[in-house]
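Report on the following structure.
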Amino acid sequence: MTVFARLKDHLFSRRSEYAQRKPVVKPESDPEDEGDATLRAGIEHSRRTFQYFYHSQLHQFCSPADKPGTVNTIHGYLVWPVAIALWMTADCAKRTRSHLDKHQLELAYNAMERHWNPEENGYCAWIMFNGNRDIYYDDNAHCANALITAYEATEDKKYLRRAAGIATRLIPRGWHRDQDPGGVEWHVDQPNSRHACSTLSVAVMACRLALHGVEKNHCMELAKSCIDFSLEHLVDQNDGLVIDAIKRDVDHGESTWKPDVVKWTYNTGFAIEALLLWSQLSGSTAYLEIAKKMALAAINKNLALYDQNTPDYENRQWWDSTFFAQHLAEALVLLARALPSTELSHNITAEVGRNLRMYVIDESRLATFNEVFNGSIKRLKPDAAERANGEGSIEDRPLIKTMLANSAMARILLCISDLREETRR
């Protein structure tokens, strides 16, 4: 089982202070960000996260402790969290346009490039070595989306070229455009699944590239195919939310596809964003209407994206981690900004910044959560992703900072600041 799969199993079974490292020098504030505390927080958190996890001697991102998502004695990060760290630095640079953030973006890009396999035209889960074919289509879609944001922050076309190469050379190997059932595979050597995290993140990537005029015909075909497959096979018609995957049952010599019905926040987030971008790209209002209905389901506290173990409706939070919820938050913000001064935009603005599962970290944060949320009766269910690897009970292991959670939190803050900016206009 992959580290990524084990991490998802940890989170699902549990339905993110941390170990200390060298102190981080507080960066100076940018003069242009003085008007918005959320924007300032996002910028500072992005910079601190980069400084904490980037190892300047090794030229890669590392954790100070052994934890899920890291490899070998240096605790180097796999490409998924590296892609999100790059995305975070790109989001920050896009808003500040500062030399500091563009420099950090270049360093993050070079760190991610160490995973690049030129023969396979994709990023490997771990740093490239001869024969490394451990390549995931969803990882590469995240990498490409981060690269597109890097281009938007810098106008450096090398980022766009790399993203375009993923879309035209790697992804078609896992994309079943005219075959039953369609969709995009998860891994280059695992053909028996069609995951939402691969299919819909590819759809987002393809729409974004097409909106930039890059390989437009190919990307529009790719996006439309992935979106239509997902609407048919990956959306639960009962609640309008996105399931995790369909998987081929080959145990008894049959070739039937069965749903994996777990509903992670990011899958619905990718769907909302893909539908919104496709409506902008194609001019189709029908897809925008589907995005709006899905967004309403995503912020309905009685539905599956929320922790139903919290009895008080108003106090319910999205059930999974900020690792995943960052993508739903981003999609909802984009939709709210596309529909300003509407009831849906107002509801999204009120909801999108409140889903931070403090109650899975430790007792002190659980107490804070229970106090803030009016005496909630939550009990601590410690999240293994917040702790160092090791033997014994999860709550006895040291708390650690995680690059994925911190990068996700910085991205959420930066996205929310866009909503605040929209409100002030």
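Equivalent-ellipsoid semi-axes for the range 100-146 (Cα gyration tensor, √(5λ), whole Å, largest first): 21, 12, 7. Modelled this way, with points 7 Å down the Cα-to-C-beta line, the labels at His212 and His346 are 3.7 nm from one another.
Across the range 288-293, rounded Karplus estimates of 3J(HN,Hα) from the backbone phi angles (6.51 cos²θ - 1.76 cosθ + 1.60, θ = phi - 60°) give 5, 5, 5, 4, 5, 5 Hz, Gly and Pro being marked x.
Sort the range 264-344 into rounded, prolate or oblate with this rule: let a ≥ b ≥ c be the square roots of the eigenvalues of the Cα gyration tensor; rounded if a/c is under 1.5, and if a/c is not under 1.5, prolate when a/b is larger than b/c, oblate otherwise. Note, shape of the range 264-344 comes out prolate. Computed in the context of the full set of protein chains, the accessible area of the range 197-288 at 1.4 Å probe radius has 48% of its extent on carbon or sulfur. In the context of the full set of protein chains, the range 174-305 has a per residue accessible area of 39 Å² (1.4 Å probe). Our summary of shape: the Cα atoms of the range 92-203 have principal axis extents of 48, 30, 18 Å, ordered from largest down, in whole angstrom. Sorting the segments 259-269, 334-344, 203-213 by their mean number of nearby beta carbons within 10 angstrom, highest to lowest, gives 203-213, 259-269, 334-344. Other residues within the sphere of radius under 11 Å centred on the Cβ of Leu160, judged by their own Cβ, net out at +1 (K and R +1, D and E -1).
In order along the range 201-208, the phi-based Karplus estimate (6.51 cos²θ - 1.76 cosθ + 1.60, θ = phi - 60°) of 3J(HN,Hα) comes to 5, 5, 4, 4, 4, 5, 4, 5 Hz; Gly and Pro are listed as x. Starting from the amide H of His187, placed 1.01 Å from N in the peptide plane, find each other amide H under 5 Å away whose residue is 5 or more places distant or on another chain. For His187, whose amide H was placed from the backbone, the distant partners under 5 Å are Tyr137.
Amide H contacts of Gln60: His55, each under 5 Å away and 5 or more positions distant or on a separate chain (H built 1.01 Å from N in the peptide plane; Pro and chain starts excluded). In terms of the Cα gyration tensor, with a ≥ b ≥ c the square roots of its eigenvalues, is the range 77-124 rounded because a/c is under 1.5, prolate because a/b exceeds b/c, or oblate? Verdict is prolate for the range 77-124. Across all Cα atoms of the range 200-284, the radius of gyration (one decimal) and Dmax (whole number) stand at 14.4, 46 Å. Here's how it looks for Trp257: its modeled amide H is under 5 Å from those of Asp249, which are all 5 or more places away or on a different chain.
Once you reduce the range 82-132 and the range 150-189 to the center of their Cα atoms, the two points are 16 Å from each other.
The values are calculated or read from the model by the stated rules, or taken from the named source; none is laboratory data. This is a predicted model, so every value here is computed, not measured. Heads up, the Cβs are rebuilt from the backbone with ideal geometry, glycines too, and the neighbour counts pull from every protein chain shown. Note: accessible area is taken over every heavy atom of the protein model, side chains too, but ligands, DNA and RNA are not part of it. Shrake-Rupley method; radii C 1.70, N 1.55, O 1.52, S 1.80 Å.
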